[in-house]
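Below: one structure, written as structure tokens.
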Amino acid sequence: MKKFLSAAAILVSITCTSFWGSASAVSIDSDANPLLLAQVDPKDRDIPDRVDKKPNDVARDSRSDSSPEHYASRTSKGVTKAGLTECTGDFAYCGASTCKPTHKKIKVNQDGGKTTKEYEGAVCTCPIITREMAAQQGVTLHGFAAVNEGNMKGSCKPPSKGTIWSYAELNLPEWPQQSANYQTLAPKGLQCPAGSQTVNGWNYLCTIDAKPAANGVKTATCRCPINEGVIGHKTGGNEIYFTAAGGYFSDPSSACKMYPVSGAVPQPSK
């Protein structure tokens, strides 16, 4: 199996794939078609295409960080009940972060924000992904969010100064890796076994940290739920988990015991 997992594969892993494989901590096979594996509902497998083709895009290079358009959505409400949409501003990306439990509850949207449920909370330090970072790698920034899930309120725009949302990124081949002291590198993915205590870091509010991390990387402190299965429902216990957390540790599998941000993948019943 290949050791490198693309940013797109990590993104789609957070939407409950049907990965059939071993429950041991091993590298993820990036040859698998992540977009086919990713979607909870087969009718939603074309979501990325549907979002990209929406007409009300905004100019990407003429916005100031303080303008409302900086965080504009390409669609006013997104698609599907979850409000899946592309957001155009900077965001925190937690896909390669480990976390620590807070021993406090966090309220999570369910069913497109119609109801909420409380989970045990965790705090995660996540690099902030910027347009400049994407431009340096020759790609356009694509922040992919579900604006009716997590603790988002139907909008890409952060609620106050000094805050930022955690999204996922579709195109970025490299981003600062927590396990490599925030060097900008390609993520290395692994699979954590059933029963792991993991964190969903998609669509949650973060506070921008006052001081940068190593290598001058801007980070945010994000508060996220433990053992929440992405679209507002508790993981059932038989999942395995995809993550890029710990990819550059000498023993990457040790990250599986450090509350990694990851995507829960249901396993077939025996």
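The values are calculated or read from the model by the stated rules, or taken from the named source; none is laboratory data. Here the structure is a predicted model, which is why all the values come from computation and not from measurement. All Cβ positions, even for glycine, are placed from backbone atoms using ideal geometry, and neighbour counts span all protein chains on display.
Taking residue 253 as meeting all but one of (1) at pLDDT 95 or above; (2) part of a loop (DSSP other than H, G, I, E, B); (3) over 18 Å from residue 164 (Cα atoms), write down the number of the exception.
Checking residue 253 against (1) at pLDDT 95 or above; (2) part of a loop (DSSP other than H, G, I, E, B); (3) over 18 Å from residue 164 (Cα atoms), the one that fails is (2).
Write out, first by first residue and then by second, each pair whose Cβ atoms fall under 8 Å of each other, whose residues are 6+ apart or on separate chains, and whose first residue, in the range 230-258, is more than 26 Å from residue 148 (Cα to Cα) and hydrophobic (A, V, I, L, M, F, W, C) while the second is at pLDDT 95 or above and assigned to a strand (DSSP E or B).
Pairs found: 255/98; 258/98; 258/99.
Can we say residue 219 is surrounded by fewer than 18 Cβ atoms within 10 Å (Cβ to Cβ), out of contact with any Lys or Arg (no Cβ under 8 Å at 6 or more places or on another chain) and polar (S, T, N, Q)?
Spelling it out, it is not the case that residue 219 is surrounded by fewer than 18 Cβ atoms within 10 Å (Cβ to Cβ), out of contact with any Lys or Arg (no Cβ under 8 Å at 6 or more places or on another chain) and polar (S, T, N, Q).
Checking residue 96 against (1) under 27 Å from residue 249 (Cβ atoms); (2) not in a loop (DSSP other than H, G, I, E, B): exactly one of these is not met. Which one?
Result: residue 96 fails condition (2) only.
Checking residue 215 against (1) among the polar types (S, T, N, Q); (2) assigned to a loop (DSSP other than H, G, I, E, B); (3) more than 25 Å from residue 114 (Cα to Cα), only one condition comes out false. Which one?
(2)
Could you please let me know if residue 238 is out of contact with any helix residue (DSSP H, G or I) (no Cβ under 9 Å at 6 or more places or on another chain), under 27 Å from residue 105 (Cα atoms) and either buried (at least 17 other Cβ atoms within 10 Å of the Cβ) or among the aliphatic types (A, V, I, L, M) (or both)?
Judged against the criteria, residue 238 is not a match.
I'd like the residue in the range 140-154 that is modelled with pLDDT under 90 and assigned to a loop (DSSP other than H, G, I, E, B) and, out of all such residues, is surrounded by the fewest Cβ atoms within 10 Å (Cβ to Cβ).
Going through the qualifying residues, I end up with 140.
Can you tell which of 149, 132, 120 is among the charged types (D, E, K, R) and without any contact (Cβ under 8 Å) to a residue 12 or more places away in the chain?
After applying the criteria, what remains is 132.
Within the range 99-139, work out how many residues are within 23 Å of residue 260 (Cα to Cα), of a type in the set (Val, Ile, Thr) and either under 17 Å from the mean Cα position of the chain (by Cα) or assigned to a loop (DSSP other than H, G, I, E, B) (or both).
Here the count works out to 6.
Would you point out the residue of the range 256-265, among those that are buried (at least 17 other Cβ atoms within 10 Å of the Cβ) and of a type outside the set (Ser, Thr, Tyr), that is modelled with the lowest pLDDT?
By that ranking, first place goes to 265.
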